[in-house]
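Just below is one structure, and these are the notes that go with it.
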Amino acid sequence: MQIDLKGRTALVTGSTQGIGAAIAAGLARAGVRVGVNGRNPERVERSVAELDQEVPGASWVPVPVDVTTQEGADRVAEMLPDVDILINNLGVFGAADPLEISDEEWRRYFEVNVLSAVRLTRLFLPGMTERGWGRVQYIASDSAIVTPAEMIHYGMSKTALLAVSRGFAKQAAGTGVTVNSVIAGPTHTGGVEDFVYELVDRGVPWDEAQRAFMREHRPQSLLQRLIEPEEIAHMVVYLSSDQASATTGGALRVDGGYVDSILP
C-alpha cells in the first residue's frame with residue numbers, strides 16, 4: 001500500500017522517544033511535516049537530529065512545549081496553527097500498590113494522559129472540520145480493557161481515552177475528519193524496559209527478562225513477545241491516510257492478540 005500524505009502537517013505529542021518517535025518517523029516517510037514534541041528543548045533538538053538521520057530530507061518542526069497545561073497547548077497552536085493530523089501519544093505509566101496511590105497521583109494520570117489530549121483536540125478539531133479533512137488519534141493501551149492490578153490508575157486513564165475518542169468522533173460526524181484510538185499492547189520501549197525490571201529480577205539479561213515478563217505478567221499475549229514501536233506506527237500511519245477514510249469512531253488493536261476479543 002502506497003500512503004502519500006504530502007502537504008499534511010502533524011503534531012505527535014511525546015515524540016522524542018519510543019512509540020511517539022516511531023510514529024513521527026512513520027508519518028515523515030509518508031511525506032508529512034511533523035511537529036516533534038517534548039518538554040525539554042535540548043531533548044527535542046536531539047530527537048529531531050536523530051529523526052532526520054532516520055528519515056533524511058523530511059520536514060520537522062521542533063515543539064519544545066509542555067502540552068499538559070492550557071498555556072502549553074495554546075503555545076503549540078501558535079507554533080502549528082494548521083494541524084491536519086493530531087496524534088495524542090503523550091502518557092505516563094508505572095506500577096503502584098492500588099491501595100497506596102494518592103489522590104494527587106490519580107489526578108496527575110488523568111491530567112497528563114486524558115485532559116492534555118482533550119485540550120489539544122478542542123484546539124485543532126475546529127480547523128480540521130472547517131477544512132473538511134483531518135485525523136485525530138489517541139494512543140491507548142491494552143490496559144484500557146484488561147486493567148492490570150498493579151496499574152489501575154493508568155488503566156483508568158486509557159479507558160477514559162476510548163470514551164473521549166468515540167465522543168469526539170461523533171462530534172466530527174460528516175465533516176471528513178476521522179477520530180480513532182489505537183490500543184497498543186505491551187511494547188518494547190526504554191520506559192517499558194524499566195517497568196519490566198520492576199517486576200522481574202534485574203540481574204537477568206534483557207531477552208530472558210522479557211520472556212519472563214510475558215510469561216508471568218502477560219501470558220495471554222498471542223504474539224508472546226513485546227511489540228516494536230514501529231509496529232504501532234504502521235497502524236497510526238494507515239489511520240492517517242486517505243485509505244482509512246471510512247474508519248472512524250473505532251478502537252483498533254495493535255496488541256499482539258493480548259486482549260481476548262474477536263472485535264477490533
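Check PRO81 against each of (1) touching a Lys or Arg at 6+ places or on another chain (Cβ under 9 Å); (2) assigned to a loop (DSSP other than H, G, I, E, B) and name the one condition it does not meet. Only one criterion is unmet by PRO81, namely (1). Report whether or not GLY26 is on the phi > 0 side of the Ramachandran plot and buried (at least 17 other Cβ atoms within 10 Å of the Cβ). Criteria not met by GLY26. In the stretch 194-205 there is no residue that is of a type in the set (Lys, Arg) and either within 22 Å of TYR154 (Cα to Cα) or at pLDDT 90 or above (or both).
So which residues in the stretch 173-185 are buried (at least 20 other Cβ atoms within 10 Å of the Cβ) and over 13 Å from the mean Cα position of the chain (by Cα)?
Quick first cut of the stretch 173-185, residues buried (at least 20 other Cβ atoms within 10 Å of the Cβ) only: 177-185.
If the condition is that a residue be buried (at least 20 other Cβ atoms within 10 Å of the Cβ) and over 13 Å from the mean Cα position of the chain (by Cα), then VAL177, THR178, VAL179 are the ones that fit.
Does ASP52 fit the bill of being without any contact (Cβ under 8 Å) to a residue 40 or more places away in the chain, surrounded by fewer than 17 Cβ atoms within 10 Å (Cβ to Cβ) and not in a loop (DSSP other than H, G, I, E, B)? Yes. What number of residues within the stretch 188-217 are surrounded by 14 or more Cβ atoms within 10 Å (Cβ to Cβ) and either in the same structural domain as LEU27 (by TED's automatic domain parsing) or under 30 Å from ARG29 (Cβ atoms) (or both)? So the count comes out to 9.
Among the residues of the stretch 4-32, those that are over 16 Å from PRO64 (Cα atoms) and not aliphatic (A, V, I, L, M) comprise ASP4, LYS6, GLY7, ARG8, THR9, GLY18, GLY26, ARG29, GLY31.
Only one entry in ILE232, ILE262 is over 17 Å from ASP194 (Cβ atoms) and either more than 21 Å from the chain's Cα centre (by Cα) or surrounded by fewer than 20 Cβ atoms within 10 Å (Cβ to Cβ) (or both), namely ILE262.
The values are calculated or read from the model by the stated rules, or taken from the named source; none is laboratory data. Just so it is clear, the structure is predicted and the values come from calculations on it, not from any experiment. Every residue, glycine as well, gets a Cβ built from its backbone with ideal geometry; the counts of neighbours run over all protein chains shown.
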